[in-house]
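Encoded as structure tokens, the structure appears first; notes follow it.
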Amino acid sequence: MEGESRIKNDTPVPDGGDQSPLASRRAGLGRLTAAPLDLLVIGGGITGAGIARDAAMRGLSVALVEQRDLASGTSSRSSRLVHGGLRYLEQGQLRLVFEAARERRILLETASHLVWPLEFIFPVHAGDRLPLWKVAAGVRLYDLLALFRGRRHRMLGRRRTLDAEPMLRERGLRGAASYFDAQCDDARLVITTARAAIQYGAMVANYMPVRRLVTRDNRVAGAEVQDLITGIRGTIEAAVVINATGPWTDSVRRMEDPAARPLLRTTRGVHIVVRRDRIGHRLGVAFFSPIDGRVMFVLPWGELSYIGTTDTDTSEPPEAAGTDANDMVYLLRSANALFPGAHLTADDVIATWSGLRPLVRDDADAASGNSREHAIVEGPAGMLTVAGGKLTTYRAMAAEVVDRAIAALPARRRGGWPPESGTAGETLPGSETSDLSAFGERAFAIGLSTDTVAHLLRHYGTESAGILNLGMANRSLFQRIHPGHPAIAAEVIHATRRELARTVEDVLMRRIHLYYELADHGRAAASRVARLLGGELGWDAERIADEATRYRNMIASVPRPVPAAATTTTEPEISPP
Ligand code: FAD
């Protein structure tokens, strides 16, 4: 097994040979710097993408710049849940749960191919941190706060719990709550949201870090960026600059005010991926870790399962977030305690990912006047920083940030904008309501396999038709890029032309996910993908070979945390907390 990629901040993406793609990249920087904008958003995670979309839909001129790839930060390293957050119930934060339940409903409707309902079971054993009746009260309240929309929870006795999940630990089992939440493709949600922003006129550039802020009359008036693909620097002027950089928040705040007090506390969360049949579960499983009583998940992902997450306070830079042996031991032991027949060991781990939660510090709350979940703070020179939040509530958070940004615009630009966000009622690209049976018929007539058709619909929704069109123009694009995965070559072309992919890693990690879904992390596809990308981006043969090698080296460079075998065996001797 190999772990996840480490974010290599500022790694230049080398130039290509052919001039035309580079020329268009230069022209892109030219457009960004041509005239002052209303908003400049720094950070291409879910927060920045959501803000850019909301602002563009309201008619503001907006640019978003991302230092690396879209979603390369925390937003592709989550638990992939769009959820109310059962743990907030315990903390009595009913407003947050209510808001999250509303956002879950909106995303299920407006991003239907990227966010889907998932049935959960929450088994309770003797000695767990909460007794079954308290978990029952929690899920009842969960339904109530969702206004009883969607499918409701049920309580299961011991027998029915085992009927639902036969591989669960029988010893001490009291019963379970069965309830519904939602799961999502986090990275694709970011990319699709950014594309929606582009459709409304936003300019979005990846591989374009902000190097410094530009001030005029002691007010932040823009930022100097560097295009890592051409190496060229430029200044983007904007009336309002928004810092939406997740775990990098404080470093960008210090560009405005070197003495800025930290707004964030970061904790590291790790997930591991194993084959689902090694555990044998059917549903999403939420449970109390027998090690420390935290709520954890074992979640289905096609034929795979991922187990998460850890929650370790850390001061490591986001670029260095990785997985260590302690993380592995914690996750394997917790899962083995719940599913004692699995006997999971480190050898079962196909991939891991690790992300930093950008949590708002407790002492920052008072300053911002916001909930603990997120904070919007104006710096001394006027930059707006949005910190915290979660994937689930990004749309509502973005609307709030854009309201604040409009209020901060100069008077001559302030009037006339729609006072309310339009994002709740607008589907994301690919989620338009449409009869997909015609697509299915066409795809099967072409000879695509059932798993490829399912894969396309899950990744692209109605935009799958565009992938078929690419293949109809060049039949070789219907071929798989890896013998062990249903993805086809046309997707690489689509990723490059429509989804801003610039490297093999962009494609295989965040757009098609082979990195996380195959034991070789898509290594066998690297050359093919590099050739396809190179055809689009004007790379010569040497560059194509270099790019494939770069991807293979990235895989090889990720350390393999190997816990001592004895610590990862079955039911651990763990006394319940
Ligand atoms: P990021 O995604 O990190 O984006 C910030 C971006 O800013 C990065 O891409 C970075 O490269 C860029 N950047 C930084 N500096 C610069 C610069 N100088 N110039 C240009 N760009 C820059 N939430 C849920 O709702 N459901 C879940 O299941 C869930 N699970 C989670 C599990 C874990 C382990 C973690 C860590 C978080 C989880 N979250 C979940 C929370 C959620 O993932 C985060 O709140 C969210 O992804 C943060 O998004 P962001 O855009 O603010 O930050």
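The values are calculated or read from the model by the stated rules, or taken from the named source; none is laboratory data. Fair warning: this is a prediction, and the values are worked out from it, not measured in the lab. As a convention, Cβ positions derive from the backbone with ideal geometry for all residues, glycine included, and neighbour counts pool all protein chains shown. Just so you know, the surface numbers come from the protein's heavy atoms only, side chains and all, with ligands and any DNA or RNA stripped out. Shrake-Rupley method; radii C 1.70, N 1.55, O 1.52, S 1.80 Å.
For this structure, a couple of remarks:
- Taken together, the criteria exclude residue 287 from residues that are outside any helix (DSSP H, G or I), under 18 Å from residue 176 (Cα atoms) and open to solvent by 20 Å² or more (accessible area, probe 1.4 Å).
- Residues that are modelled with pLDDT of 95 or more and open to solvent by less than 10 Å² (accessible area, probe 1.4 Å) were ranked within the range 23-41; the one that is farthest from the ligand (Cβ to nearest atom) is 38.
- If you go through the range 222-233 and keep only what is open to solvent by 10 Å² or more (accessible area, probe 1.4 Å) and either of a type outside the set (S, T, N, Q) or in a strand (DSSP E or B) (or both), you end up with 224, 226, 228, 229, 231, 232, 233.
- If you check 189, 144 for being open to solvent by 70 Å² or more (accessible area, probe 1.4 Å), in a helix (DSSP H, G or I) and among the hydrophobic types (A, V, I, L, M, F, W, C), only one passes: 144.
- Any chance residue 159 is among the basic types (Lys, Arg), part of a loop (DSSP other than H, G, I, E, B) and surrounded by fewer than 18 Cβ atoms within 10 Å (Cβ to Cβ): no
- Given (1) under 25 Å from residue 464 (Cβ atoms); (2) open to solvent by 20 Å² or more (accessible area, probe 1.4 Å); (3) within 16 Å of the ligand (Cβ to nearest atom); (4) assigned to a helix (DSSP H, G or I), index of the condition residue 78 fails: (4)
- Qualifying residues in the range 429-453 (those that are surrounded by 11 or more Cβ atoms within 10 Å (Cβ to Cβ) and over 29 Å from the mean Cα position of the chain (by Cα)) - the one nearest to residue 302 (Cα to Cα): 444
- Test: residue in the range 196-211 that is away from the ligand (no atom under 16 Å from the Cβ), among the hydroxyl-bearing types (Ser, Thr, Tyr) and surrounded by fewer than 21 Cβ atoms within 10 Å (Cβ to Cβ): yes
- Qualifying residue in the range 271-293 (condition: within 22 Å of residue 560 (Cα to Cα), within 11 Å of the ligand (Cβ to nearest atom) and not hydrophobic (A, V, I, L, M, F, W, C)): yes
- Test for residue 294: is it in contact (Cβ under 8 Å) with a residue 40 or more places away in the chain, of a type outside the set (A, V, I, L, M), under 30 Å from residue 329 (Cβ atoms) and out of contact with any Pro (no Cβ under 8 Å at 6 or more places or on another chain): no
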